[in-house]
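Contents: one structure, followed by commentary.
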Amino acid sequence: MSFDNLKIERNRRARRIALRLDVKERVMRLVLPMRASMKAGLEFAEQHEAWIAQKLAELPEERFVTDGSEFIFLGEGLTLRVHYDTALKSTRFIKENGELKVFTNQENISLRLTRHLKREAEKYFMVRLQEKAARIGKKIAHLSIRDTKSRWGSAGPDGKVSLNWRLAFAPFEAFDYVVAHEAAHLLHPDHSRAFWRTCMELSENYRDGHRWMKQHGEKLMAYRF
Ligand SMILES: [Zn+2]
């Protein structure tokens, strides 16, 4: 088999040899416990060759957000328009009439665009998170915006919440559900019945949001900037 899309890694906490699909990096990770031999690992991968190939083939198509791209951001349809001008001193973003206009002296806007969108997502998520937390008598101590590959968010009883900024590209009800999910964790650290009841109460449209994340969530990992 070809090992082009196979990344081998040792993991101190791993109990057994395992394969894990990394949707963001578009590779299959072969996880080896410290004691396992490389030979055993590769044999394991070989036994699952067909499954690995299938999983990699099923990865959502990459979506490049560049000049002229249409995309949904925080529930709003936008078209990206890049105005490149070497005379400009810095990069500015203006959102109007369904367009996100970028005035820039940069040939490659990837970094600045990502930073801008992350900041916008953070502001927006913070407002929604605070609103939901207030409804159950909780406060947000800190929100961090992450780009983790497998988790959409986390929340601790200390009021510290993290959310994946890629949620901003999901439909409104989907990211609203994830925000509600993390807010509900401020009250219930588990996934008990009480937790789900709170999560549902805090969601605008729990059913559709939950379903969308389950069915399409990993597509968010395929956005490229
Ligand atoms: Zn949870």
Among the residues of the stretch 147-166 satisfying the criterion of being away from the ligand (no atom under 15 Å from the Cβ), surrounded by 14 or more Cβ atoms within 10 Å (Cβ to Cβ) and of a type outside the set (G, A, S), which is farthest from G209 (Cα to Cα)?
K149
Could you check T198 against (1) within 23 Å of G77 (Cα to Cα); (2) in contact (Cβ under 8 Å) with a residue 60 or more places away in the chain; (3) among the hydroxyl-bearing types (S, T, Y) and say which number it fails?
(1)
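Here is a yes/no grid of residues against (1) part of a loop (DSSP other than H, G, I, E, B); (2) of a type in the set (A, V, I, L, M, F, W, C); (3) under 27 Å from the mean Cα position of the chain (by Cα):
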| residue | (1), (2), (3) |
| --- | --- |
| K39 | no, no, no |
| F44 | no, yes, no |
| A53 | no, yes, yes |
| P60 | yes, no, yes |
| D67 | yes, no, yes |
| G77 | no, no, yes |
Condition (residue is closer than 21 Å to L74 by Cα, among the aromatic types (F, W, Y) and within 15 Å of the ligand (Cβ to nearest atom)) applied to the stretch 208-218: is it met by at least one residue?
no
Going by the structure shown, is L129 away from the ligand (no atom under 16 Å from the Cβ), crowded, with 17+ Cβ neighbours inside 10 Å, at pLDDT 95 or above and within 23 Å of G217 (Cβ to Cβ)?
no
Give the residues of the stretch 98-119 that are closer than 28 Å to L163 by Cα and of a type outside the set (A, V, I, L, M), sorted by residue number.
G98, E99, K101, N108, S110, R112, T114, R115, H116, K118, R119
Count, please, the residues in the stretch 147-158 that happen to be modelled with pLDDT under 95 and not polar (S, T, N, Q).
6
Any residue at all in the stretch 114-133 that is in contact (Cβ under 8 Å) with a residue 24 or more places away in the chain and not in a helix (DSSP H, G or I)?
no
Restricted to the stretch 19-37, and to residues that are more than 23 Å from the chain's Cα centre (by Cα) and of a type outside the set (S, T, N, Q), which residue is farthest from Y223 (Cα to Cα)?
R35
For the subset of the stretch 17-33 comprising residues that are at pLDDT below 95 and part of a loop (DSSP other than H, G, I, E, B), which member is surrounded by the fewest Cβ atoms within 10 Å (Cβ to Cβ)?
E25
Counting only residues that are within 9 Å of the ligand (Cβ to nearest atom) and either surrounded by fewer than 24 Cβ atoms within 10 Å (Cβ to Cβ) or on the phi > 0 side of the Ramachandran plot (or both), how many does the stretch 167-187 have?
1
Restricting the first residue to the stretch 16-34 and requiring it to be in contact (Cβ under 8 Å) with a residue 12 or more places away in the chain, which pairs with a second residue that is surrounded by fewer than 16 Cβ atoms within 10 Å (Cβ to Cβ) and of a type in the set (F, W, Y) meet a Cβ separation below 9 Å and a spacing of at least six or different chains?
L19/W51; L30/F3
A183 vs. criteria farther than 21 Å from F71 by Cβ and in contact (Cβ under 8 Å) with a residue 40 or more places away in the chain:
yes
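The values are calculated or read from the model by the stated rules, or taken from the named source; none is laboratory data. Only a predicted model underlies this, so the values are computations on that prediction, with no experimental measurement involved. Note: ideal-geometry Cβ built from the backbone for every residue, glycine included; neighbour counts use all protein chains shown.
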